[in-house]
Amino acid sequence: MDLAPEDSLGFQVRRCHRAFDRLLNAHLSRQGVTSGFWYFLRALWQENGATQKRLAALNNVTEPTTVTTLTAMARIGLVVRQRNAADRRKLNVFLTPRAEQLKAELMPYAHRINAIAGQDIPPEDLATCLRVLKRMSENLSRGMAQMAKEAQP
């Protein structure tokens, strides 16, 4: 059975994400920041000092991807990693003053891009869209957990 792209939730969400990402990258590149860094900055602006594992979960990426991205961010002076005092196996990630200052410069881009995306769409439709997307993410996460559970011997 076929699933036309115009009827595919996954295709349409990916298409929309790619459009967001292209516009976001166009803005961020002016500040020397990539969209890969952006998602970690956003998470750290909310939870500065989070562990690498927590940041991976917040960004829905693997831990190796998180380590690679944080290493690149540390190299250009956006984050520092410190051993957790209570559990030396864990690394906590902290924003540098430069990264903290970037929030005031970069967040207007997020607001502008969201405004562009929501142009001519009634606020109640945007609220419904956000609720539906959050629910879809939760459903997909449960689906992954169920698959992992079924794969166990």
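Within region 93-102, the set of residues being of a type in the set (Val, Ile, Thr) and free of Cβ contacts under 8 Å to residues at least 24 places away in the same chain comprises just one member, 96. Of everything in region 66-81 that is of a type in the set (Ser, Thr, Tyr) and loosely packed, with under 14 Cβ neighbours inside 10 Å, the residue that is farthest from residue 36 (Cα to Cα) is 71. Among the residues of region 96-137, the ones that are aliphatic (A, V, I, L, M) and in contact with a Gly (Cβ under 9 Å, 6 or more places away or on another chain) come to 2 in all. Only residues that are free of Cβ contacts under 8 Å to residues at least 40 places away in the same chain and either of a type in the set (Gly, Ala, Ser) or part of a helix (DSSP H, G or I) (or both) were counted across region 43-92, and they come to 25.
Results for (1) among the acidic types (Asp, Glu); (2) surrounded by 14 or more Cβ atoms within 10 Å (Cβ to Cβ); (3) closer than 20 Å to residue 133 by Cα, shown as yes or no for each residue.
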residue	(1), (2), (3)
11	no, no, yes
45	no, yes, no
64	no, no, no
83	no, no, no
96	no, yes, no
99	no, yes, no
109	no, yes, no
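Cβ-Cβ distances below 8 Å connect the following pairs, each with a first residue in region 1-30 that is closer than 30 Å to residue 99 by Cβ, a second residue that is of a type in the set (Phe, Trp, Tyr) and in a helix (DSSP H, G or I), and a separation of six or more residues or different chains: 24/38; 24/109; 27/109; 28/37; 28/38; 28/109.
For region 31-42, the set of residues classified as in a helix (DSSP H, G or I) and modelled with pLDDT under 95 consists of 31, 35, 36, listed by residue number.
Yes or no, residue by residue, for (1) more than 27 Å from residue 13 (Cβ to Cβ); (2) of a type in the set (A, V, I, L, M, F, W, C):
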{"position": "70", "(1), (2)": "no, yes"}
{"position": "93", "(1), (2)": "yes, yes"}
{"position": "105", "(1), (2)": "yes, no"}
{"position": "120", "(1), (2)": "no, no"}
{"position": "130", "(1), (2)": "no, yes"}
{"position": "137", "(1), (2)": "no, no"}
{"position": "140", "(1), (2)": "no, yes"}
{"position": "151", "(1), (2)": "no, yes"}
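The values are calculated or read from the model by the stated rules, or taken from the named source; none is laboratory data. Just so it is clear, the structure is predicted and the values come from calculations on it, not from any experiment. Reconstructed Cβ throughout: ideal geometry from the backbone, glycine too, with neighbour counts over all protein chains shown.
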